[in-house]
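Here's the structure, in structure tokens; my notes come after.
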Amino acid sequence: MANRGPSYGLSREVQEKIEQKYDADLENKLVDWIILQCAEDIEHPSPGRAHFQKWLMDGTVLCKLINSLYPPGQEPIPKISESKMAFKQMEQISQFLKAAETYGVRTTDIFQTVDLWEGKDMAAVQRTLMALGSVAVTKDDGCYRGEPSWFHRKAQQNRRGFSEEQLRQGQNVIGLQMGSNKGASQAGMTGYGMPRQIM
């Protein structure tokens, strides 16, 4: 973690608002899923934001998680380093983020490396992991391990096919969204620029 002193004033208020978004129940669900998904001997962290951050901070658990969502031999991160050097750990976090985006997580759902590394916004880390779980459940490719009810299934596209005749018929119909011009007339309208006649 970075050596930063306590924040005061507006900075402190903003940080407190960010910290209020963190969900301890969600943390337990995510930890259970990660351990089940990775199917390795991963140590269960103690409850709490600081322990959750420390557990994920070196990036190895995150890299194992994203690799477990791919079939064997197609893992996006071939070499996971267990180095204690800060830049190596931050590099692994950014590799996880790139792999998550490639997997299908939207860019807006992905946290910044410093959000995890410095513990700035652990709620954003939770959102990214939730989005990753949702994409994994939606893909339904056999790589997801865990309860399907743990994550929301994302909506799939539902393309409709219309024949040429149906499309031609639709061009002649004025939808009610366009409004209606029935009963419209300009009777009683005065010329532009004239003052209102109040009697």
**Report entry** Reciprocal mean inverse distance between Cα atoms of the stretch 10-150 - Kirkwood radius, Å
**Finding:** 15.4
Report summary line: Note to self: C-alpha centroids of the stretch 113-130 and the stretch 18-47 sit apart, in Å, by 13
Query raised in the report: Heavy-atom accessible area of T113 with all protein chains present, probe 1.4 Å, nearest 10 Å²?
Result: 30
Query - Solvent-accessible ranking of E147, E82, largest area first, probe 1.4 Å - result: E82, E147
Report summary line: Heavy-atom accessible area of K17, protein chains in place, probe 1.4 angstrom, given in Å² to nearest 10, is 140
Query raised in the report: So how far apart, in nm, are the two label points at Y103 and R153 if each is 7 Å from Cα heading toward Cβ?
Result: 2.0
Query raised in the report: Based on the Cβ-Cβ distance from V114 to Y70, what FRET efficiency comes out when R0 is 25 Å, to the nearest 0.05?
Result: 0.40
Query raised in the report: For the stretch 10-150, what % of the accessible area comes from carbon and sulfur atoms, probe 1.4 Å?
Result: 50
Query - Residue-level accessible surface for R145, protein heavy atoms, 1.4 Å, Å² - result: 100
**Report entry** R0 of 25 Å, Cβ-Cβ distance S81-K54: FRET efficiency to nearest 0.05
**Finding:** 0.90
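The values are calculated or read from the model by the stated rules, or taken from the named source; none is laboratory data. These numbers come from a predicted model, not from an experiment. Cβ: placed from backbone, ideal geometry, glycine included. Neighbour counts: every protein chain shown. Surface accessibility is based on the protein's heavy atoms, side chains included, excluding ligands, DNA and RNA. Shrake-Rupley method; radii C 1.70, N 1.55, O 1.52, S 1.80 Å.
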